[in-house]
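Take a look at the structure set out below.
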Amino acid sequence: MISQHSYFQQCLPALQQLHNMNFTKEQLLQKDFLIGQEKELSMYYSPHNDYINPDAHIVIAGITPGWFQMKTAFKQCVSSLSHHQLEQVLYETKKAASFSGTMRVNLIDMLDQCGIAKVMGINGAAELFASQRDLLHTTSVLKYPVFYKGKNYTGHQPPIERSVLLSRYAFEVFPHELNEIKNPCLIVPLGKVVENVLRKLSREPSFSRHTYLFGFPHPSGANGHRKRIFEEHLDEFTEIVEGWAVNRRS
């Protein structure tokens, strides 16, 4: 299902110009893909969060796609454009780019330890990114890549609440996307910044039906405290996952 907040059609002519390109920052971080600017923040279009899976049972939410995900998304999108219809292009793009790289490897390992594969009746969390993709929706509280002074935005400088641009995406666009999902989901927020957004949203009636894995550390390899924090909370995470599974069946 294609997001209503998609810039895809608007960016399509510029996307089609990228055939046989190297997908450098100069080619992608340019005015044709610029969505918004505010002081030292800039938000650019990337095609991999435009596909929404309304039938998902698990939602994994990051802060914003980073440069690596953005580049992967553009490469896949340009490659798929010559073979597929729009919906399939965006699906293939999301599948290739969501939490791609070492982050996905770490994330799969963490989800497996929480017992998600067991309660879902699948062989491993890796299947959520492959043959069981229909069970999963991946997204970001800031739908499109955000850069601060040209570097990946980490959620701190400035805080989301202090930016009009970021607040609109986190507290208007993102909730609208979650409302497209039909099932009471297990929502995994990656890191404190995402958790803070979801804690606020979870107080609203339409979001109280979901179960949240609060305290889940960001799976980035750059997060030096990830393993320690994860191990400290693992029993709690397992309990939350099992509780969600029981409620799902009842």
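When the stretch 226-235 is filtered for residues that are surrounded by 12 or more Cβ atoms within 10 Å (Cβ to Cβ) and more than 23 Å from the chain's Cα centre (by Cα), only GLU232 remains. Looking across the stretch 8-38 at every residue that is among the aliphatic types (A, V, I, L, M) and part of a helix (DSSP H, G or I), the one that is nearest to GLN76 (Cα to Cα) is identified as LEU15.
Filtering the stretch 1-54 down to residues that are β-branched (Val, Ile, Thr) and touching a residue at least 24 places away in the same chain (Cβ under 8 Å), which residue is least open to solvent (accessible area, probe 1.4 Å)? Top of the filtered list is ILE52. Within the stretch 144-172, the set of residues being part of a helix (DSSP H, G or I) and of a type in the set (Ser, Thr, Tyr) comprises SER167, TYR169. When only residues in the stretch 204-225 that are at pLDDT below 90 and not in a loop (DSSP other than H, G, I, E, B) count, which is surrounded by the fewest Cβ atoms within 10 Å (Cβ to Cβ)? Here the answer is PRO205.
The values are calculated or read from the model by the stated rules, or taken from the named source; none is laboratory data. Just so we're clear, the structure is a prediction, and the values are computed from it rather than from any experiment. Backbone-built Cβ (ideal geometry, glycine too); neighbour counts: all protein chains shown. The accessibility values were calculated without ligands, DNA or RNA, using every heavy atom of the protein model including side chains. Shrake-Rupley method; radii C 1.70, N 1.55, O 1.52, S 1.80 Å.
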